[in-house]
1. In this model, which of 130/181; 157/233; 126/181; 179/261 are farther than 27 Å apart at the alpha-carbon?
2. Between residue 255 and residue 291, how many nm apart are label points set 7 Å from Cα along the C-beta direction?
3. Percent relative contact order of the range 197-305, based on C-alpha pairs within less than 8 angstrom and at least six residues apart?
4. Between residue 278 and residue 106, what's the calculated FRET efficiency when r is the beta-carbon distance and R0 is 30 Å? Round to 0.05.
5. If a paramagnetic tag sat 7 Å from the Cα of residue 222 along the Cα-Cβ line, which residues of the range 158-185 would have the backbone N under 13 Å from that point?
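Coordinate-derived values only; no laboratory data. Computed from a predicted structure; not experimentally measured. When we count neighbours, we look across all protein chains shown, and the Cβ atoms used for this are built from the backbone with ideal geometry, even at glycine.
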Amino acid sequence: MSLRHSYVFEDLFTDKSYKLSEDPAIYIKEGSHTVVLENNFQNEKTGCRTFNVNTAIVRNEQGVLGVIVYCEGEGKSEDDKATSESLSVIGELAASAVHEIKNPLFSIRGFLQILDNTLSESDKRKEYVKIMISEVDRLESLTKDFLMLAKIKSDSKELVWVCELIKEVIELYKSSFEKKKIRFRLYMNDESIFLWADRDQLEQVFINLIQNAFEAVEEGGSIDIIVSKLNEKVKVEVKDNGRGIGPEVKDKIFSPFFTTKKNGTGLGLFISKRIVENYGGNIYFNSAQEEGTTFVVEFPIGKDH
C-alpha cells in the first residue's frame, strides 16, 4: 500500500470492520479490527478475504516503547467464515444446555447439604448423603469441562502476557502449596513473552497442568515451571517429582474420560490438548515412575491459527 493521504490522530478509523476496494493506507487505533479485502485477481474466484488485525501499544513508565501488530485469518473466504459462524452457534447451544444442567445441580446440592446437616454422625443415611454430594460435585465438574469444550473454537483473542497469567494461576494454589509443604519455583528468561489467544483458554491449560502436578506429588514434594521463548515458539514446562506415569497408561493420558483419579472427569488433559492444538501448538510429556513427570506446552509465535 502506498501513502496517498496524511491523517491526524482524530481522523483515524475506529470502526470494527472495513471493506476496501482501493489502495490508501489504513490507520487504526489500538485494539482488534476486522479488515475485508475484495479479491480482484485474475484466475481467482471473485470474493472477499478477511483479515483480523490486532494492535497493542507497549508502554513503560517513560512512555511508549513500541507497537505490536498481529494479523490473523489471512486467506479465509466467506464460506470459511460461514462455517466458523455455524460452529460458533453449535458451541453456544452446547453452552446453554450445560448452563441448564448446572442450575438444577446447584439446587440439588444445596438441599443435600441441608439434609446432611440435620443428620447425626451415627445415622447411616448421612453416609449415603455424602456419597450423593460427591457425585453431584463430580457432575458439576463434568459440566464445567463440557462448557470449556464448547468454547474451544472461540474467536475471542487478546494479547496475553504468558508469565503474568501463570503468576495469577500460581496465586490460586499458594495456600494449597503451603499446606502440603510443596517447594515451588518459577523460572522465566523473558517476562515480555506474549501470545494472541483467548485468555480463559490459556488459563485453563495452565490450571489443568498445575493441578495434575499438585495431585501427583507427595507432601514436601517440588513443582517447577519454566517459561522460555526459542525458535519462534513459546515453551512452558511443568515439572514435578511425583510418582510418575506408568507405561501401561501413557498412551491413554490425552484420551477423553480416561482418569486414574477417584473423582476425576478424565477431560482435563483432553481439553488442554484440544486448546493447544487449536492454536497450532503441541503438548507432550516425559515421565519416569517414582521420579516425576514433565509436561511441555509449545505455542507458535506470529502464526495464523
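1. Working: 130/181 29 Å; 157/233 18 Å; 126/181 33 Å; 179/261 21 Å.
With Cα atoms farther than 27 Å apart: 130/181; 126/181.
2. Here the answer is 2.5 nm between the modelled labels.
3. Once normalised by length, the contact order is 29 percent.
4. Numbers: r = 30 Å, r/R0 = 0.99.
FRET efficiency, residue 278 to residue 106: 0.50.
5. Output list for this probe position: 182-185.
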